[in-house]
Amino acid sequence: MSSFFAEEPDWYRAEAHGQSSTATEPPRGPSLAAPAAPPALRVAVALIERDPNLRDCLAGLIGQGVSVFSSIEELAPRLNGTPVVAILGPSCIHDGDLASVDRLIQQRNEVGAILIAPELSTALLRSALRAGVKDVLTLPVTAEQIFEAVERIANTLKSSPAAQFPGQTKPDDSDPGEIGKVITAFSTKGGAGKSVIAANLAVLLAMRSDRPVCLVDADLQFGDVSVMLKLAPQHTIVDAVASIDRLDTSLLQSLLTLHPASGLYVLAAPLEPAFADQIGAAEMVKIIEVLRRFCSHVVVDTPAYFNDVVLGLIEVSDNVLLVAGMDVPNIKNLKIGLQTLRLLNTPKEKLRLVLNRANSKARLDVSEVERTLQVNADALIPSDVVVPQAVNKGVPVVLASPRSTVTKAFEALADLFLPVEAGKRRRRR
Ligand SMILES: Nc1ncnc2c1ncn2[C@@H]1O[C@H](COP(=O)(O)OP(=O)(O)O)[C@@H](O)[C@H]1O
Ligand SMILES: [Mg+2]
């Protein structure tokens with residue numbers, strides 16, 4: 001790795017933590033182990049913390065690749081155009097420090113910042129995002145969380161030599177040729193299987209695609225995508241809406257949660273139903289438009305009713321999966337839903353009928369259902385006990401039971417959007 005600083009870069013080391021030296025050798029955090037296989041980060045990592053004890057503790061946690069500073073003002077003169085991720089310690093939460101960060105980031109687009117806060121309030125998150133901080137972690141923090149955030153920010157830095165989403169092509173606002181496809185799962189009945197279908201389809205697409213794939217939980221009151229994928233999101237869609245005016249790919253990327261087993265990115269639903277009110281159709285559409293700039297596919301899970309947000313989503317979607325269970329109320333409601341979509345002038349070509357529990361003991365005949373709806377089914381997902389078992393484990397069934405018939409059905413569904421051959425490689429994480 002080349003030298004990025006005019007002077008001898010004693011504090012700066014590219015090629016990641018664990019291999020390089022710092023001006024002052026920081027002690028290692030005694031109880032916090034580094035991740036098993038630390039990723040190679042080709043970016044400078046600077047820790048800024050006024051309190052010497054906290055500084056030592058965090059430096060120990062991050063490892064030997066980090067360089068330590070007691071203020072932003074101390075870091076600024078050392079910059080020379082090389083990408084740097086600045087980790088702001090808990091003493092930087094004050095307005096004065098955030099104002100310095102804001103100035104620095106505005107002047108130097110090679111700098112990305114992460115804040116480690118003692119605790120997170122909406123007010124602090126808002127001020128941090130306004131100051132241009134890309135991610136906020138809260139204490140207690142693990143080395144893994146820091147590395148994941150650093151890597152994510154490093155990927156977004158303008159002149160970063162390693163500006164790649166992990167294992168994927170660089171998300172790039174300037175590449176209009178690669179606008180991602182939006183697939184929304186919708187049904188007019190709760191429990192039809194929208195979330196199971198959206199999550200498993202998104203996981204398969206993420207493993208097939210060589211670009212990022214994102215699952216958006218737009219069931220804003222009762223979203224359960226995070227539970228189904230056993231994720232503990234640090235950020236949700238509410239944070240994206242809080243900074244909607246300055247939302248760009250890098251800010252939005254910092255709000256996504258990675259599903260490590262598949263490489264899927266998730267934009268989580270609000271943690272509390274009350275926050276759902278803060279998200280309108282315009283905000284949702286803007287978020288989707290930003291996501292599709294760097295994702296090959298954006299899969300959206302929805303609630304079981306039409307509202308402005310759902311209508312906005314249907315409008316911007318390339319495809320709408322109409323999910324229906326195989327019983328009379330499901331089919332009756334789907335028929336009403338189809339009529340509503342027709343009234344809204346939704347092009348029929350967008351719609352894909354997905355019949356869930358298609359082998360159900362209730363014995364509704366698929367061809368009879370198709371005749372009633374005057375639409376042919378594009379995918380049939382069988383009923384299988386492995387589905388609720390996987391849901392309860394927080395593992396998508398396509399990973400929990402890869403040989404099951406239900407997984408085969410999900411693979412056929414994914415083939416409609418990205419056949420295996422079209423994906424340049426399969427990614428398993
Ligand atoms: N094909 C299936 N076979 C067996 N159980 C299923 C199937 N699809 C969904 N389920 C069960 O139904 C429940 C409801 O599905 P979910 O996707 O949450 O519905 P929705 O999002 O439409 O409300 C899930 O927890 C799952 O256990
Ligand atoms: Mg659901």
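Check residue 135: other-chain or 5+ apart residues with amide H under 5 Å from its amide H, H built from backbone geometry? Amide H neighbours of residue 135, under 5 Å, 5+ apart: 115. Segment 43-151: Rg/Rh from Cα coordinates, Kirkwood Rh? Result: Rg/Rh = 0.91.
For segment 176-422, what proportion of DSSP beta bridges, expressed in % and rounded to the nearest 5, is antiparallel? Don't skip to the end; give the middle numbers.
Numbers: 3 of 30 bridges.
Percent antiparallel among DSSP bridges in segment 176-422 is about 10.
Arrange 272, 283 by Cβ neighbour counts within 10 Å, fewest through most, would you?
In order of increasing Cβ crowding within 10 Å: 272, 283.
Does segment 176-422 classify as rounded, prolate or oblate by the C-alpha gyration tensor (a ≥ b ≥ c root eigenvalues; a/c under 1.5 gives rounded; else a/b over b/c gives prolate, otherwise oblate)? Present the calculation step by step, with values, prior to reporting the outcome.
Values: a/c = 1.57, a/b = 1.30, b/c = 1.21.
Prolate is the answer for segment 176-422, as a/c is 1.5 or above and a/b outweighs b/c.
Pairs with C-alpha atoms separated by more than 29 Å, drawn from the list 286/408; 286/393; 181/335, are 286/408; 286/393.
No lab work stands behind these numbers, since they all come straight from the coordinates. Everything numeric here is computed off the predicted structure, so don't read it as measured data. Reconstructed Cβ throughout: ideal geometry from the backbone, glycine too, with neighbour counts over all protein chains shown.
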